[in-house]
Amino acid sequence: MDWEEPKGWPGVIHREGRTLVRVSERPDSQKTGPVSRRGDGVFLNPAMSGSRTRSVLLLDHAIESGILGEGPIYALDGLAAGGIRARRWLNEISEDNAKRLDVTISDLDRGAIDWAMGNHRDFPPLHGKGQLSSAVGDLRKLVLSHGRHWVDIDPFGSPLPFLDTAVQSLARSGVIEVSATDTAALTGSSRGAMLRRYGARVRTDGLAHDSALRVMLANLASTAAKHDRCMEPLLSIWDSHHLRVSARVRKSRSRANIFEDDIGWRVHSPTHEEVLASVEAGLHPSCSLDSLPMTCLLPVSHPVERKDPRISGPLWIGSIGDQSAMCSMTEEKATRLCAPEFADEDLAGWSEKDFEMERRRVVRSVRNIEHEGAVIGSAHHILVDDLSSWLGIGSPPSPTLMVNKLNEMGCNASLTHYGKPSFRTGASWDDIVEVALSLQPPM
């Protein structure tokens, strides 16, 4: 499309990851919440920088692993605003992978697209590889104009209005990344909105954001099944003010027919009968039941009283990530692909300290993900604050010590990339209780 100089151009030069970008004003890197789109200039929320770093790493892994095929990769940044995510894909993934990318950015705001394409002109990809084109219009129409291997939906609010057409646009094997900032609805704080939009309830406890991710995955799986497709989660993250799920979607009528096998309920303070049902369904490790766990998962076929305040769901009860994808997100790879190198004469005017701070932000965006990937399918996601209250012990045990002790016992465990101190493990509840009591005896 023809480029027109947008209002406020050329603005100031900023950097995210390795990618330079012109913005109307320098973003506040300390801001952690949503940013309004009102006013002139380009929309760039620094709170989403970690999400964009992980998107670069996941795209690079998806190409390397072959799940996007062998030919050109058609990708869409569907609500692109200033296009920084798509430009980071082209600029930061490895050169051999970048040259296969044919990326389209779209947005309703012509001014935002002009900022994006002006940035692409002034700061082209370092490799000189890949293609970037743009379109102005409603994503729900544009997305169906071309088959896609990769679709990103990052709206201000709920992604549900865009989900159906985005899934339809995917190739036989593709990846969809979905963000949501309506966390009050998804985490159950706004019960009416959650029930209207997502058809679910979530208990507002420490695991509310994990439950919200699972509700989003259940909605994605249901949408995929309507179009004879199955959904396989790759990465699910709660990060400050937003939730984000990334999943492989592929054609499979047989898998679509049984998608409800991975849908069910999370129960807080379950009864003996509910824990036994969870064990029998293969959703919970066998345990003695001398001490009941804080939560368990149940299949959707298990009868529950949906208005019971202990119940969250319906939600995804399978693994919320893929071991291979998550284990590829090492701090070393994040640094190699996405962290900027210091330069004395820097176009953004950054100091050596600024470069170091950006490198730290890049590393922080993947903290614990590599190791969590090895246990992502485990039954237990334990918040140590909740564990201490449940067992009536003193201060919460160190999650690091819990993980180390469980691993020494031969039980796989890892710290999580979560907003509250927690760990995942496939250990039995008896082993978890034993380790917790050895670290913090009862009061």
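The values are calculated or read from the model by the stated rules, or taken from the named source; none is laboratory data. Since we're looking at a predicted model, the values are computed, not measured. FYI the Cβ positions are ideal-geometry reconstructions off the backbone, even for glycines, and counts take in every protein chain you see.
Does Glu358 qualify as being acidic (Asp, Glu), free of Cβ contacts under 8 Å to residues at least 60 places away in the same chain and assigned to a helix (DSSP H, G or I)? Judged against the criteria, Glu358 is not a match. Checking Ile176, Ile113, Ile105 one by one, the residue that is assigned to a helix (DSSP H, G or I) and crowded, with 21+ Cβ neighbours inside 10 Å is Ile113 and no other. Considering Arg191, Arg201, Arg266, Arg229, the condition of being surrounded by fewer than 20 Cβ atoms within 10 Å (Cβ to Cβ), out of contact with any His (no Cβ under 8 Å at 6 or more places or on another chain) and farther than 17 Å from Gly419 by Cα is satisfied by Arg191 alone. Exactly one residue among Pro314, Pro303, Pro309, Pro270 is of a type outside the set (A, V, I, L, M, F, W, C) and in contact with a Phe, Trp or Tyr (Cβ under 8 Å, 6 or more places away or on another chain), and that residue is Pro314.
So is Ile93 modelled with pLDDT of 95 or more and under 20 Å from Ala180 (Cβ atoms) or not? The answer is no for Ile93. Filter region 128-155 down to the residues that are surrounded by fewer than 17 Cβ atoms within 10 Å (Cβ to Cβ) and part of a loop (DSSP other than H, G, I, E, B) and list them by number. Passing the criteria: Gly128, Gly137, Asp138, His146, Gly147. Sort through Gly199, Gly174, Gly128, Gly137 and tell me the only one that's in contact with a strand residue (DSSP E or B) (Cβ under 6 Å, 6 or more places away or on another chain), in the same structural domain as Ala98 (by TED's automatic domain parsing) and not aliphatic (A, V, I, L, M). Only one candidate passes the filter, namely Gly174.
Just one of (1) in contact (Cβ under 8 Å) with a residue 60 or more places away in the chain; (2) touching a Lys or Arg at 6+ places or on another chain (Cβ under 7 Å) trips up Thr335, so point out which. For Thr335, the exception is condition (1).
The strands (runs of 3 or more DSSP E) falling completely within region 211-318 that include 3 or more residues that are within 20 Å of the chain's Cα centre (by Cα) and within 22 Å of Glu372 (Cα to Cα) map to 229-239, 242-251.
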